Amino acid sequence: MTDIPAPSAIAAEAADRTEEKAFGFWLYLMSDAMIFALLFATYVVMMSGTAGGPSGHELFSLPRAFAETMLLLVSSTTFGFATLAVSAKQRGAVLGWLLVTLVFGLGFVTLELREFTGMIAAGAGPDRSGFLSAFFTLVGTHGLHVSFGMICILVMVGQVAVKGLTAPVASRLFRLGLFWHFLDIVWIGIFSVVYLPGVL
């Protein structure tokens, strides 16, 4: 006759799996930080390599960059409210705040795409100079991360709606929140290193 594991043993095993996933996520986040550090370093080295083409002073719009910054900062705040709602076991509030976060993220990506298409239409694409290649790579990589984050938010909306605020779902939401806040920090770096010096 097969022994049935005790509930405490099952709970301990589930907790171990959650800790392993959290550790793996932190490793991923650190590797992502290293990638962005390399992209920042490349941009700083290449920012003067305009090859006779347009510079950031001619291309960048500080009001647009500021609007993107505000959208991302507010989205980070609304994700924080979603996390608080998870702790309070308020499924409706979690869904609402996640959807609000998604809207702000979509606004950010829309502004970024408009900036990219406008620059390319003006002949300032990534193939124009080393400066523009570094710019599109750095900012575009961040934009892809935000887009991936929005897909994950949609997935989590579905999981919260179907499964409720179970421990695994709450753990995934916590990790997604860390990812989203990380992107916020990276964008502050982009705004400070790319847009402000480029315009001023």
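Rule-based calculations on the coordinates, nothing more; no lab input. Remember, predicted model here, so these are calculated numbers, not experimental data. Glycine also receives a Cβ, built like all others from the backbone with ideal geometry; neighbour counts cover every protein chain displayed.
With each label point set 7 Å from Cα along the Cα-Cβ vector, what nm distance links R114 and L200?
2.5
Taking +1 at the Cβ of each Lys and Arg and -1 at the Cβ of each Asp and Glu, which of V160, W180, P54 sits farthest along the dipole of the stretch 54-200 towards its positive end, judged by Cα position relative to the Cα centre?
Farthest towards the positive pole: V160.
Can you tell me the length gained on complete extension of the stretch V103 to S192, counting 0.36 nm per residue apart and subtracting the Cα distance?
29.6 nm
What does the C-alpha gyration tensor say about the overall shape of the stretch 14-69? Classify as rounded when a/c is under 1.5, otherwise prolate if a/b is larger than b/c, or oblate.
oblate
Taking the Cα centre of the chain as origin, work out the dipole magnitude from +1 charges on Lys and Arg Cβ and -1 charges on Asp and Glu Cβ, in debye rounded to 20.
Dipole about the Cα centre, nearest 20: 400 debye.
At a threshold of 8 angstrom on Cα-Cα distance, excluding pairs fewer than six apart, so keeping six or more, what relative contact order does the stretch 31-128 reach in percent?
Contact order relative to length: 29 percent.
What percent does the relative contact order of the chain come to when contacts are Cα pairs within less than 8 Å and at least six residues apart?
32
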